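Remarks on the structure that follows.
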Amino acid sequence: GENVEQHPSTLSVQEGDSAVIKCTYSDSASNYFPWYKQELGKGPQLIIDIRSNVGEKKDQRIAVTLNKTAKHFSLHITETQPEDSAVYFCAASTPKGYNKLIFGAGTRLAVHP
Amino acid sequence: EAQVTQNPRYLITVTGKKLTVTCSQNMNHEYMSWYRQDPGLGLRQIYYSMNVEVTDKGDVPEGYKVSRKEKRNFPLILESPSPNQTSLYFCASSLWTDRSGANVLTFGAGSRLTVL
């Protein structure tokens, strides 16, 4: 079945450094790739997404890149801040009539002052 | 404020005692879904609903029931809870009529369930 693998499972960086989280998907028909951020005690919240006809998208300090040939996409956070500490989930859509999202296992990012 | 509201936020129960986790959204979204979050497994879909009276199984539906009698509400029912249903549960909704492929989910704050 469809699968999304996410790495690393934990990531620790110093404030100001960059952080990169990588995901690989299995369904070549996937066409939508969102990233969600889950802060402690809260539900996941969409922070950025990319569609299959675009290779890169940026929003201030965060960016997402997509390589459809290799079936992987990545989240890049620059100039990390302590408030970036959270669990991040990648997801890929499967065109099963309603664009079901398959989520990765999550990455716990810790940004140390 | 546009939101998805789940209740209860925390619940400790015993094996076999029926329980319901409520979910309500105020965004007039057609699509609603339940997920469970377990360490190392990410978010797995339990059930989803495309609209009123239309529900279908997700990836891990065993032991759960849902209903969608009104557009805004989508309760999750555990008829006979077991310890392996101890988990963090999230309800989500979306205006999925974006047929271009995006399914932009709004999540509730989560319900942590412990079954003893």
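The values are calculated or read from the model by the stated rules, or taken from the named source; none is laboratory data. Note that the coordinates shown come from a computational prediction; the quantities given were computed from them, not determined experimentally. Every residue, glycine among them, receives a Cβ derived from its backbone with ideal geometry; neighbour counts consider all protein chains shown.
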I'd like to know if the stretch A:63-82 contains one or more residues that are buried (at least 16 other Cβ atoms within 10 Å of the Cβ), touching a Pro at 6+ places or on another chain (Cβ under 8 Å) and modelled with pLDDT of 95 or more. no
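From B:Glu53, B:Glu1, which residue is over 22 Å from A:Lys37 (Cα atoms) and either surrounded by fewer than 17 Cβ atoms within 10 Å (Cβ to Cβ) or free of Cβ contacts under 8 Å to residues at least 12 places away in the same chain (or both)?
Details: B:Glu1 fails: over 22 Å from A:Lys37 (Cα atoms).
Matching residue, one of B:Glu53, B:Glu1: B:Glu53.
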Long-range neighbours under 7 Å by Cβ, at least six apart or interchain, first residue within 13 Å of B:Glu70 (Cα to Cα) and of a type in the set (D, E, K, R) within the stretch B:13-32, second at pLDDT below 95 and assigned to a strand (DSSP E or B): B:Glu30/B:Met50; B:Glu30/B:Asn51
When every residue in the stretch A:4-25 that is under 13 Å from the mean Cα position of the chain (by Cα) and within 12 Å of another protein chain (Cβ to nearest Cβ) is compared, the one farthest from A:Pro95 (Cα to Cα) is A:Ser9
Can you list the strands (runs of 3 or more DSSP E) found entirely within the stretch B:40-101 that contain at least 1 residues being modelled with pLDDT under 95 and not charged (D, E, K, R)? B:42-51, B:54-57, B:87-94
Cβ pairs under 7 Å, 6+ apart or interchain, first in the stretch A:1-18 and on the phi > 0 side of the Ramachandran plot, second not in a strand (DSSP E or B), ordered by first then second residue, are A:Gly16/A:Glu79; A:Gly16/A:Thr80
Does the stretch A:26-64 hold any residues that are closer than 16 Å to A:Glu83 by Cα, more than 10 Å from chain B (Cβ to nearest Cβ) and touching a strand residue (DSSP E or B) at 6+ places or on another chain (Cβ under 7 Å), and which are they? A:Lys37, A:Glu39, A:Ile47, A:Arg61, A:Ile62
Which residue, of A:Gln60, A:Gln81, A:Gln45, is within 28 Å of B:Tyr10 (Cβ to Cβ) and polar (S, T, N, Q)? A:Gln45
I'd like to know if the stretch A:86-99 contains one or more residues that are facing chain B (nearest Cβ under 10 Å), surrounded by fewer than 21 Cβ atoms within 10 Å (Cβ to Cβ) and over 30 Å from B:Thr5 (Cβ atoms). yes
Considering only the stretch A:20-113, give the strands (runs of 3 or more DSSP E) lying wholly within it that have at least 3 residues that are farther than 16 Å from B:Asn103 by Cα. A:56-59, A:62-67, A:72-77, A:86-94, A:107-112
Evaluate the stretch A:51-73: report whether one residue or more is under 17 Å from B:Leu105 (Cβ atoms) and aliphatic (A, V, I, L, M). yes
